[in-house]
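Heads up: the structure comes next, in structure tokens.
The values are calculated or read from the model by the stated rules, or taken from the named source; none is laboratory data. Keep in mind that what you see is a predicted model, and the values were worked out from it rather than measured. With ideal geometry, Cβ positions are generated from the backbone for all residues, glycine too; neighbour counts draw on all protein chains shown. When the accessible area is computed, the model is the full protein with side chains, heavy atoms only, and any ligands, DNA or RNA have been set aside. Shrake-Rupley method; radii C 1.70, N 1.55, O 1.52, S 1.80 Å.
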Amino acid sequence: MPDRVDTTWILLIGLALATILLPPLIPRALLGNAVVLVFAALKGHRIALDFMDLRAVPSLWRGLVASWILIVLLLAWLASAIVALI
């Protein structure tokens, strides 16, 4: 039975492959960018919880790291939306 880190590793590989394969199939660039950023958020969250071992820390730290990931991804999506509109 694989442990949590092995499961996360397999999930990260699957998300990385989906990041490469899925966006060319989406007709709108802004939606494709959003899909890639959602995959990045999932990967960042799993890395923070399992590889940085944030599952064992107080919820304040998990919330701060999750907020940081969300802010970075929202700024990246905003930048891609501005470029798509120009």
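Each Lys and Arg adds +1 at its Cβ and each Asp and Glu adds -1 at its Cβ; summed about the Cα centre, region 5-78 shows a dipole of about 160 debye.
Angle between the Cα long axis of helix 59-85 and the longest principal axis of the chain, 0 to 90 degrees, nearest 10? For helix 59-85, the angle is close to 10 degrees. For the chain, the solvent-accessible area of protein heavy atoms averages 72 Å² per residue (probe radius 1.4 Å; ligands and nucleic acids excluded).
Assuming 0.890 mPa s and 25 °C, estimate D for the chain with Stokes-Einstein, Rh taken as the Kirkwood radius over Cα pairs, in µm²/s. Show your work: numbers first, answer last.
Working: Rh = 14.1 Å.
The diffusion coefficient I find is 173 µm²/s.
Counting only heavy atoms of the protein chains and using a 1.4 Å probe, Arg55 has close to 100 Å² of accessible surface.
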